[in-house]
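**Student:** Structure in structure tokens, see below.
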Amino acid sequence: MMRSLSFGFVLSMLAGSALAAETPPWLKQPLQRPLDQITIGITQNNAGVDSYETTYEQTIAAYAKDLGVKIVLLDPQGDPVKQASQVQDLIAQHVDVMVVWPTNAKAIIPSLRQAHAAGIPIVITNSQVDPAGVKFTVAYSGPDTLGEGKIAGGMMIQALNGHGNVVIINGKPGYSTAIDREKGFMEAIKSEPGIKVLAAQPADWDREKAQSVMEDFITRFGNKIDGVYAADDNMGAGALNAIRAAEQSGQIAKGHIKLVGATNFAVGYDAIKSGEYYGSVVQSPVEDARNALKVAVEVAEGQSVPKLDFIQTPQITGTNINQFSRPVF
């Protein structure tokens, strides 16, 4: 169904009062309890790793204040062990609903089981949990990451006219978004026997690591590379830096490599505008964060929610870029 701060420490905030905030139109009346009596615990993934996650965290904090709900906002800094500890903290605080952005799709399952046993409803946000853990959750809010990979694969087919060699720069191993975006991409391109994958390597969502990975790919394959798929535009920007340097040094032919990304960052948007980047997938951290909190509040109020609540993620290329605003992150 489509619906349109911290680094290793706890942000616990009273985000206004029910008297100060109007009841949003998407909440059914009458409410089971005033919004300022709801506490939602949130364990993010890693707010400092890129501007998407930082914007997500800032947005969810601001939206909580607008709604008048209390939140406990935690950042495990990408560490599954730290996130497990944070889930224990939120259970001990008896939060009404827990929003979890899994650092690892499988490692989080024991923690979800414990929260579920404690009677705390769980909303998974942004990156889906392993199927074995879904039974402990009430909803998923975020992008269809498998679908995003398929969209990116379709763009690569268009960019290469169905023929060429591709390298893949993926996110963090074990992270469901990375798994799904690569799986979806591979499913899309398997219909085109003329497209071959030369190599795939993770860069952990990090721009500098992605640049290093791309430099290695260029050293190994040179002008054999026709296309690059980066699982997000932050890593895509690193790949583009390596491509620019290799073009200037004469290692590869200028403009030969077609670059496709996902989660369109401002840097990716600008590169599409300039023609250096073929396309990406639009995914808003603002919509992602607001929808997750919205679903959590609905759950806290005892209202029914869809099990899968996908946000919209259209493709963006040079042909339709003027239909989209430049991302805020």
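None of the figures in this text is laboratory data; all of them are computed from the coordinates on show. Please read all numbers here as calculations on a predicted model, not as lab measurements. No Cβ is skipped: glycine too gets one built from the backbone with ideal geometry, and neighbour counts run over all protein chains shown.
**Student:** Go ahead and run the numbers for FRET between Arg33 and Ala118, Cβ-Cβ distance against an R0 of 22 Å, rounding to 0.05.
**Tutor:** Rounded to the nearest 0.05, the efficiency is 0.70.
**Student:** Only loop residues by DSSP count here, and only those with at most 16 other Cβ atoms within 10 Å; note down the trypsin sites (Lys or Arg not before Pro) in segment 269-323 that meet that.
**Tutor:** The qualifying sites are Lys307.
**Student:** Divide by every residue of the chain the summed helix terms, -39500 (n - 2.57) for each DSSP H run of at least 4, and state the resulting mean residue ellipticity at 222 nm, rounded to the nearest 500 deg cm²/dmol.
**Tutor:** Dividing the helical sum by the residues of the chain leaves -12500 deg cm²/dmol.
**Student:** Can you tell me the FRET efficiency between Ala92 and Thr317 if r is taken as the Cβ-Cβ distance and R0 is 51 Å, rounded to the nearest 0.05?
**Tutor:** 0.60
**Student:** Oh, and also: To the nearest 0.05, what FRET efficiency results for Asp216 and Lys254 with a Förster distance of 30 Å applied to their C-beta separation?
**Tutor:** Working from the Cβ atoms, E equals 0.90.
**Student:** Given the alpha-carbon gyration tensor of segment 145-281, what are the semi-axes of its equivalent ellipsoid in whole angstrom, ordered largest first, with each equal to the square root of 5 times an eigenvalue?
**Tutor:** The equivalent ellipsoid of segment 145-281 has semi-axes of 19, 16, 14 Å.
**Student:** May I pose another question? So who's got an amide H within less than 5 Å of the one on Val97, skipping anything under 5 residues away but keeping other chains? H placed 1.01 Å off N, in plane.
**Tutor:** Thr39, Gly41
**Student:** With no solvent and one point per C-alpha, what does the Debye sum give as log10 I(q)/I(0) for segment 139-180 at q = 0.26 Å⁻¹?
**Tutor:** -0.98
**Student:** Further question on the same structure: Taking just the C-alpha trace of the chain, give me its Rg and Dmax in Å.
**Tutor:** Reported Rg and Dmax, both Å: 20.6, 68.
**Student:** With θ set to phi - 60° and the Karplus curve 6.51 cos²θ - 1.76 cosθ + 1.60, what are the ³J(HN,Hα) couplings of segment 188-196 in order, to the nearest whole Hz, using x for Gly and Pro?
**Tutor:** For segment 188-196, the Karplus-derived couplings read 5, 7, 5, 6, 10, x, x, 9, 10 Hz, x marking Gly and Pro.
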